[in-house]
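A short write-up of the structure that comes next.
The values are calculated or read from the model by the stated rules, or taken from the named source; none is laboratory data. Only a predicted model underlies this, so the values are computations on that prediction, with no experimental measurement involved. As a convention, Cβ positions derive from the backbone with ideal geometry for all residues, glycine included, and neighbour counts pool all protein chains shown.
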Amino acid sequence: MIPVFLWLLATIDSAFIGYREAAGRNALIDKRVYYRRALIRGAIVGQIAVLIVGVITAVVLVNSNDAAALFSKLESVGARMLTVYVPYAVVLLITFCVRAFPSVDIRSITSVLIFGPFTFIRPIVVLAGAVWGVVAAPGAITIALTVLIVCLMLGLGGTLSWLRSRGLIS
């Protein structure tokens, strides 16, 4: 169940990255469709990162002498990561729900009070969750997989910006 929760959180985080990357880049008055596409685009690009880590994890598990023990270690790492990532994601989800109210004032306040600061602290939260997770089961494989997913997730915003600068997304 822990891998499913981590996938869900990676999807939410990726959608948030898509939203953040699209913010302020469109002069439309009604941006709902624009932001909906940005959320979906971010979530889809995030699936690429998850797929890369998932395939590498599967290959490592298949080639492991003791796959059950390794999987247990990885679950321990993931469980501890969830204790850091879930509160962050819950605040973001609640904020997105509040933004559903059709009020410019509410949207402005949520951008200033939540989305701005949470964008700023996101790399710290990602790194803190990774370190807290790896402490549960340090080892070459758990560290390598954790570093890989951290690099991929922290690089998503740059990837989306690069795609936009090349005209591959609007």
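Have a look at Val104, Val134, Val62 and point out the one that is within 22 Å of Arg32 (Cβ to Cβ) and among the aliphatic types (A, V, I, L, M). I'd like the intermediate steps shown before the answer.
On the way: Val134 fails: within 22 Å of Arg32 (Cβ to Cβ); Val62 fails: within 22 Å of Arg32 (Cβ to Cβ).
Answer to the selection: Val104.
Any idea which of (1) farther than 22 Å from Ile48 by Cβ; (2) touching a residue at least 40 places away in the same chain (Cβ under 8 Å) is the one Val91 doesn't satisfy?
(2)
For the subset of the stretch 108-127 comprising residues that are surrounded by 17 or more Cβ atoms within 10 Å (Cβ to Cβ) and more than 16 Å from the chain's Cα centre (by Cα), which member is farthest from Ile52 (Cα to Cα)?
Thr110
Mind listing just one residue for me: the one in the stretch 15-28 that is at pLDDT 90 or above and among the small types (Gly, Ala, Ser) and, of those, surrounded by the most Cβ atoms within 10 Å (Cβ to Cβ)?
Looking at the filtered set, the residue picked out is Gly18.
Within the stretch 60-78, count every residue that is without any contact (Cβ under 8 Å) to a residue 60 or more places away in the chain, surrounded by 12 or more Cβ atoms within 10 Å (Cβ to Cβ) and acidic (Asp, Glu).
The number of residues fulfilling the criteria is 0.
Give the number of residues within the stretch 62-79 that are polar (S, T, N, Q) and either part of a helix (DSSP H, G or I) or touching a Leu at 6+ places or on another chain (Cβ under 7 Å) (or both).
Step one: list which residues in the stretch 62-79 are polar (S, T, N, Q), which gives 63-65, 72, 76.
Now narrow it down to the ones that are either part of a helix (DSSP H, G or I) or touching a Leu at 6+ places or on another chain (Cβ under 7 Å) (or both): 64, 72, 76.
Summing the residues that are polar (S, T, N, Q) and either part of a helix (DSSP H, G or I) or touching a Leu at 6+ places or on another chain (Cβ under 7 Å) (or both) in the stretch 62-79 gives 3.
To keep it simple, each residue is scored yes or no on (1) among the basic types (Lys, Arg); (2) modelled with pLDDT under 90; (3) surrounded by 12 or more Cβ atoms within 10 Å (Cβ to Cβ); (4) touching a strand residue (DSSP E or B) at 6+ places or on another chain (Cβ under 7 Å).
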{"position": "Ile94", "(1), (2), (3), (4)": "no, no, yes, no"}
{"position": "Val98", "(1), (2), (3), (4)": "no, no, yes, no"}
{"position": "Ala136", "(1), (2), (3), (4)": "no, no, yes, no"}
{"position": "Ala140", "(1), (2), (3), (4)": "no, no, no, no"}
{"position": "Gly155", "(1), (2), (3), (4)": "no, no, yes, no"}
{"position": "Ser165", "(1), (2), (3), (4)": "no, yes, no, no"}
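Scan the stretch 58-103 for residues that are of a type in the set (Asp, Glu) and out of contact with any helix residue (DSSP H, G or I) (no Cβ under 9 Å at 6 or more places or on another chain) and jot them down.
Start the filter on the stretch 58-103 by keeping residues that are of a type in the set (Asp, Glu), which leaves 66, 75.
Within the stretch 58-103, Asp66 is the sole residue that qualifies.
Working carefully through the options Ile40, Ile12, find the one that is at pLDDT 85 or above, exposed (fewer than 15 other Cβ atoms within 10 Å of the Cβ) and part of a helix (DSSP H, G or I).
Details: Ile12 fails: exposed (fewer than 15 other Cβ atoms within 10 Å of the Cβ).
Just one listed residue meets the conditions, Ile40.
Exactly one of (1) closer than 22 Å to Leu145 by Cβ; (2) without any contact (Cβ under 8 Å) to a residue 24 or more places away in the chain; (3) under 18 Å from the mean Cα position of the chain (by Cα) is unmet by Met81. Its number?
Looking at each condition in turn, Met81 falls short on (2).
Kindly evaluate Ala130 against the criterion of being crowded, with 17+ Cβ neighbours inside 10 Å, small (Gly, Ala, Ser), farther than 15 Å from Phe5 by Cβ and modelled with pLDDT of 95 or more. Walk me through it before giving the result.
Values: crowded, with 17+ Cβ neighbours inside 10 Å: yes; small (Gly, Ala, Ser): yes; farther than 15 Å from Phe5 by Cβ: yes; modelled with pLDDT of 95 or more: yes.
In short, yes.
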